[in-house]
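Q: Following this message is one structure expressed as structure tokens.
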Amino acid sequence: MAIRTSPGTNRRSAQDAYDAPVSDLWQGVLFCHLLAMAFFAGGQLMLAAVIVPAARRTGDEETLRAIARRFGAGSLVALAVLLATGIAMASHYDLWGEGVLQAKLVLVATVIALTIAHTRYPRAHAISGLIFAATIAIVWLGLEI
């Protein structure tokens, strides 16, 4: 199957990337990307909706801190996987010029900066909310690529 190019250019469109056959390698890269995203976004949702409210009711701040530290370590691994697989896929599918990807990258940089700020100010709950909102926006934009 020949890869189509966008009119007047030699670049493939994002849709062309999805129309092309996917090798097992790239299926695996996508799987790792989605698994890391599920951990990062799902973990934030679980912390916000279940763990933090339950820990606050019981007053067990030490357990909450331990959970947050463990999730933070896992989140760093997830972010590293997301960056590595995202860069690999954007390069392989020639998506660097896509506006949606560029918007996603701005949000990724924002999440990284907010995460660094959150490690310095762990009690600043507004930062946690901003990280979660930006993460959901990244996931939403990912549906468009």
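Q: Scanning region 89-131 for residues that are aromatic (Phe, Trp, Tyr) and modelled with pLDDT under 95, which turns out farthest from Ile51 (Cα to Cα)? Break it down stepwise before answering.
A: Quick first cut of region 89-131, residues aromatic (Phe, Trp, Tyr) only: 93, 96, 121.
Those still in the list that are modelled with pLDDT under 95 too: 93, 121.
Details: Tyr93: 39, Tyr121: 19 Å.
Out of the qualifying residues, it is Tyr93.
Q: Only residues in region 124-139 that are more than 14 Å from Leu45 (Cβ to Cβ) and touching a residue at least 60 places away in the same chain (Cβ under 8 Å) count as the first member; pair them with residues that are aromatic (Phe, Trp, Tyr) and not in a helix (DSSP H, G or I), Cβ under 9 angstrom, at least 6 apart or cross-chain, and list the lot.
A: Once the first residue is more than 14 Å from Leu45 (Cβ to Cβ) and touching a residue at least 60 places away in the same chain (Cβ under 8 Å) and sits in region 124-139, no partner that is aromatic (Phe, Trp, Tyr) and not in a helix (DSSP H, G or I) comes close enough.
Q: Give me the pairs: first residue in region 33-48 and part of a helix (DSSP H, G or I), second residue modelled with pLDDT of 95 or more and small (Gly, Ala, Ser), beta-carbon distance under 6 Å, and six or more apart or on different chains, which are they?
A: Listed by first residue and then by second, the contacts come to Ala36/Ala78; Phe39/Ala78; Phe40/Ala78.
Q: Of the residues Thr85, Thr63, which is closer than 20 Å to Gln44 by Cβ, surrounded by 14 or more Cβ atoms within 10 Å (Cβ to Cβ) and of a type in the set (S, T, N, Q)?
A: Only one candidate qualifies: Thr85.
Q: Let me ask something additional. Of all the residues that make up region 92-104, how many are closer than 18 Å to Leu34 by Cβ and either free of Cβ contacts under 8 Å to residues at least 40 places away in the same chain or not aliphatic (A, V, I, L, M) (or both)?
A: Qualifying residue count, region 92-104: 3.
The values are calculated or read from the model by the stated rules, or taken from the named source; none is laboratory data. Worth saying up front: this structure is predicted, and the values here are computed from it rather than measured. Don't worry about glycine lacking a Cβ; one is built from the backbone with ideal geometry, like all the others, and counts go over all protein chains shown.
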